[in-house]
1. Please count how many residues of the stretch 33-55 are surrounded by fewer than 10 Cβ atoms within 10 Å (Cβ to Cβ) and of a type in the set (Lys, Arg).
2. Given the chain, what helices (runs of 4 or more DSSP H) lie entirely inside it while holding 3 or more residues that are modelled with pLDDT of 85 or more and touching a helix residue (DSSP H, G or I) at 6+ places or on another chain (Cβ under 9 Å)?
Amino acid sequence: MKFYIWLFSRKDISMITRNHDEAALALVKGEEYPNSHARVREHDQWIGKRLDKSFIGL
């Protein structure tokens, strides 16, 4: 717990808090991509290209 308090109190880092897994996997699997994530689609594509496909079950 102390780690999370320390992590969230830092001013020199930022975090993305959303469902990376669902959006990135939708792109990898060719499924419908959520419109609510449209502004970060390029980032999700970047993640999807780096995923080990053997863990996805394609």
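The values are calculated or read from the model by the stated rules, or taken from the named source; none is laboratory data. These numbers were taken from a predicted model, which means no experiment stands behind them. Methodologically, a virtual Cβ is constructed for each residue, glycine included, from the backbone with ideal geometry; neighbour enumeration extends over all protein chains shown.
1. Qualifying residue count, the stretch 33-55: 3.
2. Numbers: elements: 2-9, 20-29, 41-50.
Counting at least 3 such residues, we get 20-29, 41-50.
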